[in-house]
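Encoded as structure tokens, the structure appears first; notes follow it.
The values are calculated or read from the model by the stated rules, or taken from the named source; none is laboratory data. Every value quoted in this text rests on a predicted model; they were computed, and no experiment measured them. Please note: Cβ atoms are built from the backbone with ideal geometry, for glycine as well, and neighbour counts cover all protein chains shown.
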Amino acid sequence: MEIDSPSATDSNLSDMNTSSSNVTASTTAPENLGEPRTSEEQEVYPIAVLVDELKNEDVQLRLNAIRNLSTIAMALGPQRTRDELIPFLNESIDDEDEILLAVAEELANFSEYVGGPEFAHYLLSPLENLASVEEVLVRDKAVESMNQIVSLLNASQITHYFLPLLKRLSSAEWFTGRISACGLYAAGYSKCTEEQQNELRTAFAQLIQDDTPMVKRAAAKALANFSKELSQQQLISHILPLFLRLTNDDQDTVRLLTVEDLVQIAKMLTPEESKQYLLAPLKALGQDRSWRVRYMVATHFNELCEAFGEQITREEMVTLFVSLIKDSEGEVKILSIGQAPIFSEKIEQSVVIEKILPCIKELVIDTNQHVRAAVATNISGLAPILGKDLTIEYLLPLFLQLLKDDFPDVRLNIISKLENVNQVIGVDRLSQSLLPAIVDLAEDKQWRVRLAIIEYIPLLASQLGVGFFDEKLLSLCLSWLGDAVFSIRDAATTNLKKLVEIFGHDWAKNTVLPQVMEMARNNNYLYRMTTLFALTTMATSLTSDIIKDKVLSTVIELVDDPIPNVRFNVAKSLEVLAPILKQDPATAELVDTKVIDVLKKLGQDKDVDVRWFADKALLSVQGN
């Protein structure tokens, strides 16, 4: 059946080209510059400009012309857009993929410019051409745009315009058209008559059995969406045999796509039907000879469990999951490990202990470091499922083992997830078991591991209490202030600020500040710099009295430091301290008597950077 949509005639294109040259002449000839265009010229001007720009050698200019199609169409009006612009696009299609992609994208929302939904079928013809080109991105965008347009069509338009188009693409000699056809079957199915729907199911079945692997892949990819449009009986009688055929295809790239189809089909069937028709294919895919197929099963494993239902998951899926988590390929194991916590929630606790934990125990010593890193990331998710006693019995030894792993990412991942375990077994038990390992990691040669420990310290401190913290961890926190890596020193200062917020001002005044201030007299200038960083960072969590008695004098002591970097950081510190002192009437006078005088002194410094920061701080302090 031939499509009835109009096409541009040779005379139309000739007229448009002639008009284009005439308009160009009239706009470039000097004698015509001051003359207004005639009404005829004004009518043809937009399409003429488009013609000129689409013939330009510069791809960017042609692309800009396509991006302005909606403006051109508004100028032309719906009738001329249908009669001239759409046929012109249809017959003057560019050979640049970038241009074709832009056309396919623009036409998706073009129905209002051709006169609304009742004329939307005019847009199908240029998109049909785009759906047959070589470039995948262009074809995919054309199919996406066509699906958007088909949603606007009525039953008559579907019958007279869309179905003939779909038939042409489905039987196209070149495979690209057949690939695009696969993605169009679901869009118009619900608007077809029963007889038309029967024909669509038959035609889709032929695409699934196509000799070209690329077409079969496209059909397998589209099968899930097409299945949503069918009744349960149609699914079982028409689609299921075709699906089973795809699961046994010679190409693993086809078989792996059937996993997502299986999820969708299982959602539409009852648990009993899923067990009858789909369980055997799923097990076969889970043990497929290609690791890519097994990888896809592992990726969607929990979705498959939800689709099959609780009973089948408990009775049938454990064995399959164990085979995936013990797979020979590291990529499959990593994906399976990621699914383990959620899957364990769906099965009985005793099964987790008997079947899943032995697998996890083996993976903790797996030769693949990335597998061990994945275990470290996900193992803590099992703690809430097992509860306190079983976590202590089964998981805690594995945590300690992972904390000693040679690969830094493993240690990093286990530390970053310890909060989940802490919530289950309590900080006392956690600290007793893990504290020695944490202390060892605080001196780890990998700075990212040390950084992760620093970030974990405030959480640990808030639950350990001040006594335990001062005895076991305070010296560790202060040692980080002298770390060779700036990121560690910077994180250590932020860490002290958080600890002050947890333990209070008195703790800061009596315990931390004396030791930090002692660093201001260190021979290494980096220690003196870090002192300023730490005092400035903590300042916002301290009272004005503490700043007056402890902090300010230490900062001012460094005003004559021989190192310029230290001196300009004194200026930066005073800029932060001054507003805090001003808030309290008892300390406000210090700003005028001490802070401003010091900044003025630094403003006369021999170093240009010191003078710049001092002037900046002085302006800020005096302005406030």
(request) Say whether the condition of being buried (at least 19 other Cβ atoms within 10 Å of the Cβ), among the acidic types (Asp, Glu) and within 48 Å of the chain's Cα centre (by Cα) is met by at least one residue in the stretch 584-605. (result) no
(message) Among (1) assigned by TED's automatic domain parsing to the domain that holds LEU123; (2) at pLDDT 85 or above, there is one condition VAL133 misses while meeting the rest; what is its number?
(response) (2)
(message) Anything in the stretch 328-377 that is over 27 Å from PHE308 (Cα atoms) and either out of contact with any helix residue (DSSP H, G or I) (no Cβ under 7 Å at 6 or more places or on another chain) or not aliphatic (A, V, I, L, M) (or both)? List them, or say none.
(response) LYS361, GLU362, ILE365, ASP366, THR367, ASN368, GLN369, HIS370, ARG372, THR377
(message) List the helices (runs of 4 or more DSSP H) inside the stretch 168-276, counting only whole elements, that have at least 3 residues being surrounded by fewer than 17 Cβ atoms within 10 Å (Cβ to Cβ) and modelled with pLDDT of 85 or more.
(response) 194-208, 240-247
(request) State all residues of the stretch 575-594 that are in contact (Cβ under 8 Å) with a residue 40 or more places away in the chain and part of a helix (DSSP H, G or I); if no residue qualifies, say none. (result) GLU575, VAL576, LEU577, ALA578, PRO579, ILE580, LYS582, ALA586, THR587, LEU590, LYS594
(message) Quick test of your reading of the structure: CYS477 fulfils all but one of (1) touching a helix residue (DSSP H, G or I) at 6+ places or on another chain (Cβ under 7 Å); (2) outside the structural domain of VAL566 (by TED's automatic domain parsing); (3) touching a residue at least 24 places away in the same chain (Cβ under 8 Å). Name the failing condition by number.
(response) (3)
(request) May I ask you to list the residues in the stretch 314-345 that are farther than 15 Å from ILE385 by Cβ and either of a type in the set (S, T, N, Q) or in the same structural domain as LEU386 (by TED's automatic domain parsing) (or both)? (result) THR319, SER323, SER328, SER336
(message) For the stretch 397-418, which positions are outside any helix (DSSP H, G or I) and within 17 Å of GLY381 (Cβ to Cβ)?
(response) LYS417
(request) Would you mind listing the helices (runs of 4 or more DSSP H) fully within the stretch 60-161 where at least 2 residues are of a type in the set (S, T, N, Q) and surrounded by fewer than 16 Cβ atoms within 10 Å (Cβ to Cβ)? (result) 69-76
(message) List pairs: first residue in the stretch 171-182 and closer than 16 Å to PRO126 by Cα, second residue among the aromatic types (Phe, Trp, Tyr) anywhere in the structure, Cβ distance under 9 angstrom, at least six positions apart or on different chains.
(response) ALA181/PHE204
(request) List every residue pair whose Cβ atoms lie under 7 Å apart, where the two residues are 6 or more positions apart in sequence or sit on different chains, the first residue falls within the stretch 387-416 and is within 21 Å of VAL449 (Cβ to Cβ), and the second residue, located anywhere, is part of a loop (DSSP other than H, G, I, E, B) and polar (S, T, N, Q). (result) PRO408/GLN446
(request) Consider ILE415 carefully, then state whether it is out of contact with any Leu (no Cβ under 8 Å at 6 or more places or on another chain) and among the β-branched types (Val, Ile, Thr). (result) no
(request) Report yes if ASP605 is more than 23 Å from LEU526 (Cα to Cα) and not basic (Lys, Arg), otherwise no. (result) no
(request) Determine which single condition SER350 fails, assuming it passes every other condition in (1) touching a residue at least 24 places away in the same chain (Cβ under 8 Å); (2) surrounded by fewer than 22 Cβ atoms within 10 Å (Cβ to Cβ). (result) (1)
